[in-house]
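What follows is a short report on a single structure.
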Amino acid sequence: MAVARYRDRHAVSRKESDHQDAFVLANILRTDAEFHRPLPTDSDLLRAIAVLARAQQDAVWDRTRAHNRLRSHLREYYPAILEAFAAKRERLLSREARTILAIAPTPAEAARLTRGRLWTAVTTAGSQRRIDAETDRLPEVFRRTWLRQPALVEEATGRQTLALLAQFDAACQACDDLAADTEELFLEHPDAEIITSFPGLAVLTGARILAEIGDDRSRFSHAGNLKAYAGSAPVTRESGKSRHVTHRRIKNSRLAATGRHWAFAALTASPGAHAHYNRRRDNGDRYGSC
């Protein structure tokens with residue numbers, strides 16, 4: 001966007017021209033070099049961590065999209081499976097739900113599941129506690145009276161479910177693999193111990209923050225630069241004699257989103273952070289500014 005503004009100084013036609021763009025870029029360095037900063041000289045290890053951390057975050061978003069598609073599809077013909085895992089913290093993300101959905105993609109097949117098959121599915125999914133209680137509860141849910149699609153339609157919809165489930169399983173596996181690789185590489189960095197020492201900051205979250213901040217010690221000369229980069233610096237609007245300073249709302253910044261989750265995780269681990277939050281809230285500050 002900044003280069004596009006410079007281009008308008010030399011031509012207003014907005015035509016694509018490699019020669020003109022090269023001239024604009026060279027002229028930026030010639031006339032306004034002091035207003036720009038060089039790229040950070042991060043280490044190769046940091047750059048590798050950034051690749052994996054960003055890929056893992058993208059995989060989480062892909063997993064969320066796949067989950068939402070599968071859940072919306074199941075609502076159309078299979079509410080029993082949603083009800084069966086509604087009380088679970090992970091719901092359809094749990095391995096137990098995905099394993100049972102794979103062997104019973106339709107309500108008719110779920111109603112025919114025996115206690116033995118359910119016991120095998122639950123243990124295969126990795127559950128180690130309350131297995132008997134779970135295998136007693138699930139048949140009762142699946143055999144209730146639910147609204148059903150015609151048998152032929154239900155069978156076809158079940159095949160579509162298996163296709164969506166395969167995509168969802170692949171997205172979940174990609175998330176887990178990239179998270180493990182990111183954490184392994186992050187722990188090799190000399191700053192890992194310092195970053196994870198902050199309250200509420202885990203290994204994966206620390207890797208994301210390090211990936212965005214970098215390890216170039218000369219990049220941020222003071223805290224104000226880092227706040228602006230993270231999207232948390234105040235916004236100042238001035239016109240004539242009026243001056244208004246307000247807080248910034250950034251949703252797309254990876255560092256801002258990670259920092260927000262870190263800050264609220266710290267509330268349970270740091271009495272000082274919790275007291276500061278309560279004090280700001282009691283003074284009338286809203287959730288986004290605390």
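The values are calculated or read from the model by the stated rules, or taken from the named source; none is laboratory data. Everything numeric here is computed off the predicted structure, so don't read it as measured data. A quick note on method: Cβ atoms are made from the backbone with ideal geometry, for glycine too, and the neighbour counts reach across all protein chains shown.
Exactly one residue out of 53, 48, 66 is surrounded by 13 or more Cβ atoms within 10 Å (Cβ to Cβ) and either under 20 Å from residue 160 (Cβ atoms) or among the β-branched types (Val, Ile, Thr) (or both), and it is 66.
Whenever a residue of the stretch 1-27 is modelled with pLDDT of 85 or more, its partners that are assigned to a helix (DSSP H, G or I), lying with C-beta atoms within less than 6 angstrom and at least six residues away or across chains, give the pairs 24/6; 24/7.
Being part of a loop (DSSP other than H, G, I, E, B) and of a type in the set (Gly, Ala, Ser) is a property that does not hold for residue 206. The residues in the stretch 1-27 that are part of a helix (DSSP H, G or I) and acidic (Asp, Glu) can be counted, and the count is 2.
Does any residue of the stretch 251-268 turn out to be at pLDDT 80 or above and farther than 30 Å from residue 41 by Cα? No - not one qualifying residue is present in the stretch 251-268. Is it the case that the stretch 51-72 has a residue that's in the same structural domain as residue 146 (by TED's automatic domain parsing) and in contact with an Asp or Glu (Cβ under 6 Å, 6 or more places away or on another chain)? So far as the stretch 51-72 goes, yes, one or more of its residues are in the same structural domain as residue 146 (by TED's automatic domain parsing) and in contact with an Asp or Glu (Cβ under 6 Å, 6 or more places away or on another chain). Scanning the stretch 100-127 for residues that are surrounded by 20 or more Cβ atoms within 10 Å (Cβ to Cβ), under 18 Å from residue 159 (Cβ atoms) and within 29 Å of the chain's Cα centre (by Cα) returns 100, 101, 105.
In the set 178, 185, 201, which member is modelled with pLDDT of 95 or more, over 26 Å from residue 97 (Cβ atoms) and surrounded by 15 or more Cβ atoms within 10 Å (Cβ to Cβ)? Even if it seems obvious, please write down each step before you answer.
On the way: 178 fails: over 26 Å from residue 97 (Cβ atoms); 201 fails: modelled with pLDDT of 95 or more.
Only one candidate passes the filter, namely 185.
Restricting attention to the stretch 28-50 and to residues that are in contact (Cβ under 8 Å) with a residue 40 or more places away in the chain and part of a helix (DSSP H, G or I), the residue that is nearest to the chain's Cα centre (by Cα) turns out to be 50. Only residues that are farther than 22 Å from residue 225 by Cβ and surrounded by fewer than 10 Cβ atoms within 10 Å (Cβ to Cβ) were counted across the stretch 10-40, and they come to 8.
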